[in-house]
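Asker: Submitted below is the structure of interest, expressed as structure tokens.
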Amino acid sequence: MRIVVVGYGMAGARLADELSLSEHEVTVLGAEPHPAYNRILLSSVLAGKYQSGDVALLTRGAKARTGVAVTNIDPVLRTVSTVDEVFPYDHLVLATGSQALVPPLPGLDAAFTFRTLDDCSRIVSAASGAASAIVLGGGLLGLEAARGLALRGLRVEVVHAVGHLMERQLDPGASRVLERTLDGLGITVHLSAAAVSASVRPESVEDAASLTLSDGRVLTADLLVVACGVRPETTLAREAGLTVDRGIVVDDRLRTSDPHISAIGDCAQFGATVGGLVAPAWEQARVLARRLDGDDAAVYLAPEPITRLKADGIDLAAMGSLDSADEELSFTDPARGTYARLVIRDGKLTGAVLLGDNPSVGQVIQLFDRRAAVPSDRRALLLGRAFGGEPAKVDSPALMPDAATVCQCNTVTKGQLVRCWRDGARSLDGVIAGTRATTGCGSCKDAVSGIVDWLVAA
């Protein structure tokens, strides 16, 4: 088949890579001027840990065109048009991603957004001569931007309209501990602070930006970054007559309302859920690749989201629902920046928040992912320590079941890591290359390294 993929982001690039060994003719069209890159690592680029070339994604076996914006889709003729060319297709995949959401406030359209590699480059350039910054938005993206700027030595203020940070993932208790941690890192947080207008003066060297709040306060800084979330990019789909709600509506086979068009990634809406995390996007790419290769049994089952925020001085994992259940355990140590809350129903973990130094975080993620029974020693699971004060016993790789997911982003199990090793990958780099483990957010690298060390010793 002639397969055209519109969008050369993390979802489109992964689909092209999954199809690299097929006999299909795959063409990928990307509007951005860069090859596909790992968007999760943009905060590390912002912090100066990585250069832009360090976050590139490898795409094998596809004709990838960058800097090519699609202007029209004709579902009748089955063609995709750009300004200069027309591409016929047998199957079209929309992986158009999402756009930064900028609230409709006076003056805010002149602020920086934090979504693309070009956005990151512009912020880095402006930050080189700056001493302070305001970040509008206290969600995951906003806190990543704030930490990246703080690591460059800027004084950072985060403005969030809601009463606690990351309200989709955290409870107020976790937010209070996180606020204290951020304060120690040079980041001031303003909660329940609604912005009403902004002013950005690029020609000014100092205090080039100001943000006016609903209570009359005016915050000033050298630059203003908007990180208020994202909105699925659905313009082409709407104009082509596809069914669109908040995102492009797809079924469990990733099909849109046109059987010759699929959608994956941030632009796709499965049930009531739109994208936003890498693990579902890459799982959608894997399932769709199997279907395009003729596997009619392949269906998409949305994974339970696990959110990780892992930056210098911040280690956060949030998963599942924090609604009341049969059992609830919590522990708070604000002085050490530690917070833990576990929600248990029918003897199984249904939600958790772990912030700071929590030795049991790996075990908690495994229990949540596997829907396994929670150990009887709840305190050891909560604190990472047993009643006698000794570290809790965490399953060694030898005891870990093969079905345990080690890399959440790429859905790589312990069994797949072992098989890759047995097939000849005799190093950490070899196992990573063979399974893609650690190539998403990177938070599983210690676990993967531990399994490789165990294999070496064995």
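Asker: Please list, in order along the range 244-252, the HN-Hα scalar couplings obtained from phi with the Karplus expression 6.51 cos²θ - 1.76 cosθ + 1.60 (θ = phi - 60°), rounded to whole Hz, x for Gly and Pro.
Answerer: Running phi through 6.51 cos²θ - 1.76 cosθ + 1.60 with θ = phi - 60° gives 10, 10, 6, x, 7, 6, 10, 9, 6 Hz.
Asker: Between Asp251 and Asp90, what is 0.36 nm times their sequence separation minus the Cα-Cα distance? Round to one decimal in nm. Let's see the in-between values first.
Answerer: On the way: separation 161, 0.36 × 161 = 57.96 nm, distance 1.94 nm.
Additional length available on full extension: 56.0 nm.
Asker: Using a 7 Å offset from the Cα along the Cα-to-Cβ direction at both Ala433 and Val218, what is the distance between the two label points in nm, to one decimal?
Answerer: 5.9 nm
Asker: Mind listing the long-range amide H neighbours of Thr413? Cut-off is under 5 Å, sequence gap 5 or more, other chains count too, H placed in the peptide plane at 1.01 Å from N.
Answerer: Under 5 Å from the amide H of Thr413: Val406.
Asker: Give the long-range amide H neighbours of Asp207: residues separated by 5 or more places, or on another chain, with amide H under 5 Å away, using H modelled in the peptide plane at 1.01 Å from N.
Answerer: Long-range HN contacts for Asp207: Asp222.
Asker: Between Asp357 and Asp453, what length in nm is gained on full extension when 0.36 nm per residue of separation is reduced by their alpha carbon distance? Show your work: numbers first, answer last.
Answerer: Details: separation 96, 0.36 × 96 = 34.56 nm, distance 2.30 nm.
Taking 0.36 nm per residue and subtracting the Cα distance, the gain is 32.3 nm.
Asker: Something else: Of Gln99, Thr66, Ser125, which is farthest along the charge dipole of the range 35-184 in the positive direction, counting Lys and Arg as +1 and Asp and Glu as -1 at C-beta?
Answerer: Sorting the options by dipole projection puts first Ser125.
Asker: Scan the chain and hand back the longest stretch that contains none of the GluC sites (Glu not before Pro) lying in DSSP loops with at most 12 other Cβ atoms within 10 Å.
Answerer: Counting only loop sites that pass the neighbour cut-off, the longest clear stretch is 207-458.
Asker: Here's a follow-up. Is any residue of the range 116-138 close enough, with backbone N under 14 Å, to a label point placed 7 angstrom from the Cα of Arg168 along the Cα-Cβ axis, and if so, which?
Answerer: 137-138
Asker: Now for a different question. Convex hull over the alpha-carbon atoms of the range 108-228: what's its volume per residue in Å³?
Answerer: Value for the range 108-228: 93 Å³ per residue.
Asker: Find which of Ala263, Pro303, Ala317 sits farthest along the positive direction of the dipole of the chain, computed with +1 on the beta-carbon of Lys and Arg, -1 on that of Asp and Glu, about the Cα centre.
Answerer: Ala317
Asker: Evaluate the charge dipole of the range 108-228 about its Cα centre and quote only its size in Debye, nearest 20, assuming +1 on the Cβ of each Lys and Arg and -1 on the Cβ of each Asp and Glu. Working shown, then result.
Answerer: On the way: 10 positive and 14 negative charges, 42 e Å.
For this selection, approximately 200 debye.
Asker: Here's another thing I want to ask about it. Any idea what the dipole of the chain comes to, in debye rounded to 20, about its Cα centre with Lys/Arg Cβ at +1 and Asp/Glu Cβ at -1?
Answerer: Dipole size: approximately 660 debye.
Asker: How large is the helix-only mean residue ellipticity at 222 nm for the chain, computed as the sum of -39500 (n - 2.57) over DSSP H runs with n ≥ 4, divided by its residue count, in deg cm²/dmol to the nearest 500?
Answerer: -7500 deg cm²/dmol
Asker: Still on this structure: Based on the alpha carbon coordinates of the range 166-254, what radius of gyration and maximum Cα-Cα distance (Dmax) apply, in Å?
Answerer: 19.2, 53
Asker: Considering the dipole of the chain built from charges on the beta carbon (Lys and Arg +1, Asp and Glu -1) around the Cα centre, which of Val80, Val162, Thr234 is farthest to its positive end?
Answerer: So the residue we want is Val162.
Asker: Under the 0.36 nm per residue contour assumption, what length would be gained going from the current alpha-carbon distance of Ser22 and Arg65 to full extension?
Answerer: 13.5 nm
Asker: Further question: Residue-wise, which Karplus ³J(HN,Hα) couplings in Hz belong to the range 153-166, taking 6.51 cos²θ - 1.76 cosθ + 1.60, θ = phi - 60°, and x for glycine or proline?
Answerer: Going residue by residue, I get x, 7, 7, 10, 10, 9, 10, 9, 6, 8, x, 8, 5, 6 Hz, with x marking Gly and Pro.
Asker: Within the range 24-90, list the trypsin sites (Lys or Arg not before Pro) lying in a DSSP loop whose Cβ has at most 16 other Cβ atoms in a 10 Å radius.
Answerer: Sites meeting the loop and neighbour criteria: Lys49, Arg60.
Asker: Can you pull the percent of Cα pairs in the range 395-458 with separation above 14 Å?
Answerer: 47 percent
Asker: Give me the distance in nm between label points sitting 7 Å out from Cα along the Cα-to-Cβ direction at Ser128 and Asp293, one decimal.
Answerer: 4.5 nm
Read-outs: derived from the displayed coordinates by stated rules, not from any lab. Since the structure is predicted, the reported quantities are computational estimates derived from the model, not experimental observations. Every residue, glycine as well, gets a Cβ built from its backbone with ideal geometry; the counts of neighbours run over all protein chains shown.
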